[in-house]
Amino acid sequence: MVVLNRIYTKTGDDGTTALGSGERRPKYDLRISAYGTVDETNAAIGVVRLHLGEARDLDAMLGRIQNDLFDLGADLAVPQREGKAERLRVLSSQVERLERDIDALNEHLAPLTSFVLPGGTPAAAYLHLARTVCRRAERIMVELAASPEEPVSGAAIQYMNRLSDFLFVASRAMNDNGAADVLWVPGQNR
């Protein structure tokens, strides 16, 4: 259990921050950027949830995702090291649950005939925004994982990849199951 009695500690005033392991890193460190961008994704999803109206099933899915994103942030905040006790890690079962949720939402969607522009309902537009932040987090995580001394869980990367798919499908669901999608018309304004 995390207990936060004091919000400001002044320990970051020198431009560093602590990982969950206690190790200090510069605030511009790629690992810090990775879990910071996961946090941005979570915040964007929080905004989405304000615009869902009666979409209770989707709201419940997004609530589970927000909790998973805290798990993912904790996973990234404590690099996996040989001989160290295991901490909280994202599991493949969390990725599989996302896949089931994608399938359930996708089942009701109109077929796509073009790429979809971000827009439509406010919820759909914010879901697209969350999707783009999620994609950025995934890119940073993949870049971090490319460094041999910076392990990143494969399940964590898979989770972010599936999450961006989920957010896309959810945006279409919030656009009257795709009927109100704003479609790209190539070269329309030439």
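The values are calculated or read from the model by the stated rules, or taken from the named source; none is laboratory data. Predicted model only: the values in this text are computed from it and were never measured. Reconstructed Cβ throughout: ideal geometry from the backbone, glycine too, with neighbour counts over all protein chains shown. Side chains are part of the model used for accessible areas, which takes the heavy atoms of the whole protein and leaves out ligands, DNA and RNA. Shrake-Rupley method; radii C 1.70, N 1.55, O 1.52, S 1.80 Å.
Observations, loosely collected:
- Spin-label model, GLU96 to LYS10: label points 7 Å out along the Cα-to-beta-carbon direction sit 5.0 nm apart.
- Over the chain, DSSP H runs of length four or greater, each weighted -39,500 (n - 2.57), average out per residue to a 222 nm ellipticity of -18500 deg cm²/dmol.
- Legend: calculated FRET efficiency, GLN80 to ALA104, from the Cβ-Cβ distance at R0 = 45 Å, rounded to 0.05, equals 0.90.
- Of all accessible heavy-atom area on region 110-190, the percent that carbon and sulfur account for (1.4 Å): 58 percent
- Accessible area ranking (1.4 Å probe, heavy atoms, ligands and nucleic acids excluded), largest first, for ASP101, ASP57, ASP165: ASP57, ASP165, ASP101.
- Region 149-189 shape via C-alpha gyration tensor axes, a/c threshold 1.5: oblate
- Within the accessible area of region 1-72 (1.4 Å probe), percent carbon and sulfur: 54 percent
- Cα shape, region 15-124, gyration tensor, a/c 1.5 rule: prolate
- Linear extension gain, ASP176 paired with LEU117, 0.36 nm per residue minus alpha-carbon span: 19.8 nm
- Heavy-atom accessible surface of GLU150, to the nearest 10 Å², is about 30 Å², with a 1.4 Å probe and all protein chains retained.
- Surface listing: THR37, THR9, THR113 arranged by accessible area from highest to lowest gives THR113, THR9, THR37, probe 1.4 Å.
- Per-residue SASA entry for ARG136, accessible area with 1.4 Å probe, Å² rounded to 10: 80 Å²
- The mean of 1/r over all distinct Cα pairs in region 99-163, once inverted, gives the Kirkwood hydrodynamic radius of 13.9 Å.
- Averaged per residue, region 34-103 has 53 square angstrom of accessible surface, using a 1.4 angstrom probe with ligands and nucleic acids left out.
- Among [x] 26, 18, 16; [y] 29, 15, 14; [z] 33, 17, 17, the entry derived from the coordinates for semi-axes √(5λ) of the Cα gyration tensor in Å: [z]
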